[in-house]
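**Q** Just passing along the structure, written as structure tokens.
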Amino acid sequence: MHIEIVTIGDELLLGFTIDTNAAHLAREFAALGVRIVRRTTCGDDADSIAGAVRDALGRTGAVITTGGLGPTADDQTKPAIGALFGRGMVLDGDILANLEQRWLKRFGHPLPTSNRQQAMVPDGATILENRHGSAPGIWLEDALGRWVAMLPGVPREMRGMVADTLLPRLRERIAPGGPVVRARTLRTANIAESALADRLGELAGGVNGLSLAYLPGRDGVDLRLTSYSLPSMVTERALNAAAVLVREKVGRFVYGEGDDDLAALMLAECGARGATIAVAESCTGGMLGMRLTAVPGSSRVVLGGTIAYANEVKIRELQVAAEDIAAHGAVSEPVARAMATGVRRRFGSSIGIGLTGLAGPGGGTPDKPVGTVWVAVDVDGDVHAVRAVLPGDRGEIRWRAAQLALDRLRRAFAQDTEGAAWTARGA
């Protein structure tokens with residue numbers, strides 16, 4: 001089954017609101033064997049809505065819309081799409097009664113006149129129950145089997161309705177054992193997209209008939225394997241086999257799968273080893289500590305940290321030698337090493353991480369361009385340091401520096417002391 005998505009709202013076109021609905025729908029339906037073949041965003045006016053949905057129906061005959069089901073004048077989705085099916089608008093007494101009860105119970109006063117619009121539906125439509133808000137969804141279908149499912153634009157409501165009503169309805173229309181769309185994502189850290197392609201060699205364009213996509217982001221480059229046409233009974237086996245081949249090629253740069261967070265993985269590893277962590281940060285300004293303490297249960301591992309932004313703080317709080325800063329600069333291997341050891345000793349942890357760098361946008365030199373970062377990890381007195389030149393703006397460099405520190409800890413656990421691929425391969 002092929003479906004198109006039309007997300008509706010001027011705020012989406014203007015960039016004031018990020019369209020998360022289409023991404024959620026695509027992920028949810030892929031597991032059913034439903035492929036989203038096109039995503040369109042249009043404005044709130046009736047002509048734009050009708051044009052976008054008309055075109056989508058002509059291509060696939062199956063459309064999901066989000067947005068434009070509220071009580072205000074700019075909510076034109078229902079009448080615009082109803083007109084495409086030759087349906088006029090009628091008042092649904094059950095919806096009206098539910099709205100009136102909802103307003104009296106929740107707000108203590110009668111339903112505003114404008115909200116009666118939410119009880120107006122295209123004649124002959126099927127109502128999709130909304131247990132998460134006031135605007136019900138609408139299902140319209142014609143004699144040719146073409147259909148449109150209209151859902152609210154509020155993400156929380158839309159996601160709840162997808163799970164409650166839309167997914168069960170679509171499951172009934174899909175033959176069991178048919179092809180499904182499934183994906184497997186391998187997460188990599190501190191290696192550039194081009195370097196990954198080099199390592200993958202003949203697998204770079206796909207693996208055993210499965211597509212391979214490169215998804216660079218601030219955490220690293222995700223490698224997504226996707227099966228579009230295999231039956232459900234063999235899809236997982238094919239994805240597993242392909243993932244093994246990719247791991248063999250990429251090796252130590254893979255740190256997880258799916259939505260794995262490197263901070264959470266490292267905390268789990270520390271917990272299993274009975275290890276504790278303290279962090280000393282300069283250019284990241286506490287971001288590494290934030291990443292670690294955002295994970296529930298991190299208090300069992302994380303003891304504390306120091307934001308040593310100024311050189312005098314590095315010297316006073318972490319016992320970094322003033323002569324090392326004078327000779328090598330604050331962004332240097334000796335300083336990173338001293339920060340890692342200093343914070344480990346100060347907090348009495350088994351692991352200390354020191355991080356210093358140039359996040360920009362100014363301050364770079366030919367020898368130390370913006371993005372230069374030094375990270376050191378001290379594990380019970382055994383110190384390993386790495387230099388990298390990270391790409392991006394100030395925010396991206398700081399986030400990637402924290403990710404580099406977490407990955408350096410992962411490498412320390414694995415006794416892998418090779419330098420960062422950002423330095424060796426570039427960005």
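The values are calculated or read from the model by the stated rules, or taken from the named source; none is laboratory data. What you are looking at is a predicted structure, and each value in this text was computed from that prediction instead of being measured. Positions of Cβ are backbone-derived with ideal geometry, glycine not excepted, and every protein chain shown enters the neighbour counts. Surface areas here come from the heavy atoms of the whole protein model, side chains and all, with no ligands, DNA or RNA. Shrake-Rupley method; radii C 1.70, N 1.55, O 1.52, S 1.80 Å.
**Q** Given the peptides 73-81, 20-28, arrange them by the average over their residues of other C-beta atoms within 10 Å, most packed first.
**A** Numbers: 73-81: 21.0, 20-28: 17.2.
The most tightly packed comes first, giving 73-81, 20-28.
**Q** Please report the relative contact order for the chain, taking Cα pairs under 8 Å with a sequence separation of at least 6, and give it as a percent rounded to a whole number.
**A** On the way: 833 pairs, mean separation 45.7, N = 427.
It rounds to 11 percent for the chain.
**Q** Same structure, new question: At a Förster radius of 45 Å, what calculated FRET efficiency corresponds to the Cβ-Cβ distance of Ala31 and Ala414, to the nearest 0.05? The partial results should precede the final answer.
**A** Values: r = 33 Å, r/R0 = 0.74.
According to the calculation, E is roughly 0.85.
**Q** Any chance you could check the Cα centroid distance between the range 154-215 and the range 379-419 for me, in angstrom?
**A** 29
**Q** Extension gain Asp123-Ala83, at 0.36 nm per residue separation less the Cα-Cα distance, in nm? Numbers along the way, then the final one.
**A** On the way: separation 40, 0.36 × 40 = 14.40 nm, distance 1.01 nm.
Extending this stretch completely gives an extra 13.4 nm.
**Q** Something else now. So how many Å³ per residue does the convex hull of the Cα atoms of the range 316-375 work out to? Don't skip to the answer; put the middle values down first.
**A** Working: hull volume 4.8 nm³, N = 60.
Convex hull volume per residue, Cα atoms: 79 Å³.
**Q** Can you give the three extents of the C-alpha atoms in the range 24-117 along their principal axes, from longest to shortest, in whole Å?
**A** Sorted largest first, the three principal extents are 45, 31, 22 Å.
**Q** When the accessible area of the chain is split by element with a 1.4 Å probe, what percent falls to carbon and sulfur? Could the numbers behind the result be given before it?
**A** Numbers: 9600 of 18920 Å².
C and S atoms contribute 51 percent here.
**Q** Which length gain, in nm to one decimal place, applies between Arg173 and Asp198 when the Cα-Cα distance is subtracted from 0.36 nm times their residue separation? Display every interim value, and only then the final one.
**A** Values: separation 25, 0.36 × 25 = 9.00 nm, distance 4.32 nm.
Computed gain between Arg173 and Asp198 is 4.7 nm.
**Q** When only alpha-carbon atoms are used, what values of Rg and Dmax, in angstrom, describe the range 168-319?
**A** Looking at the range 168-319, its Cα Rg and Dmax stand at 20.7, 69 Å.
**Q** Expressed in nm to one decimal, what extension gain is obtained for the pair His132 and Asp261 from 0.36 nm per residue of sequence separation less their Cα-Cα distance? Before the final figure, lay out the partial values.
**A** Numbers: separation 129, 0.36 × 129 = 46.44 nm, distance 2.96 nm.
Gain on stretching His132 to Asp261: 43.5 nm.
**Q** Roughly what would the spin-label model give for Leu215 and Arg247, points 7 Å off Cα along C-beta, in nm?
**A** Each label point is offset 7 Å from its Cα along the Cβ direction, giving 1.9 nm.
**Q** Next up: With each pseudo-label sitting 7 Å past Cα toward Cβ, what's the Ala268-Thr20 distance in nm, one decimal?
**A** Reported label-point gap for Ala268 and Thr20 is 2.3 nm.
**Q** Sketch the reach of a paramagnetic label on Glu100 as a point 7 Å from Cα along Cα-to-Cβ, and name the residues of the range 107-141 whose backbone nitrogen lies under 17 Å away.
**A** Of the residues in the range 107-141, 107-121 have backbone N under 17 Å from the label point off Glu100.
**Q** For the full complex of protein chains and a 1.4 angstrom probe, list Lys368, Lys105 by accessible area with the highest value first.
**A** Largest accessible area first, the list is Lys105, Lys368.
**Q** Kindly report, to the nearest 10 Å², the accessible surface of Met266 as traced by a 1.4 Å probe over protein heavy atoms only.
**A** It works out to around 10 Å².
**Q** Moving on. To two decimal places, what compactness ratio does the range 236-339 give when its Cα radius of gyration is scaled by 2.2 N^0.38 Å? Before the final figure, lay out each step's value.
**A** Numbers: Rg = 18.3 Å, N = 104, 2.2 N^0.38 = 12.8 Å.
Dividing the Cα radius of gyration by 2.2 N^0.38 Å gives 1.43.
**Q** Take the Cα atoms of the range 201-265, find their three principal axes, and give me the spread along each one in whole Å, biggest first.
**A** If we take the Cα atoms of the range 201-265, the spans are 35, 26, 19 Å.
**Q** Related question: Would you mind getting me the FRET efficiency between Asp10 and Thr113? Use the beta-carbon distance for r and R0 = 35 Å, nearest 0.05.
**A** Working: r = 24 Å, r/R0 = 0.69.
Computed FRET efficiency for Asp10 and Thr113 comes out at 0.90.
**Q** Looking at the range 214-266, which trypsin sites (Lys or Arg not before Pro) are DSSP coil and have at most 15 other C-beta atoms within 10 Å of their C-beta? Numbers along the way, then the final one.
**A** Working: sites: Arg218, Arg224, Arg237, Arg247, Lys249, Arg252; in loops: Arg218.
For trypsin sites (Lys or Arg not before Pro) across the range 214-266 that sit outside H, G, I, E and B with at most 15 neighbouring Cβ atoms in 10 Å, the list reads Arg218.
**Q** Accessible area per residue of the chain at 1.4 Å probe, in Å²?
**A** Numbers: 18920 Å² over 427 residues.
Spelled out: the 1.4 Å probe surface of the chain, per residue, equals 44 Å².
**Q** Per residue, what volume in Å³ does the Cα convex hull of the chain take up?
**A** Numbers: hull volume 79.8 nm³, N = 427.
It comes to 187 Å³ per residue, whole-number rounded.
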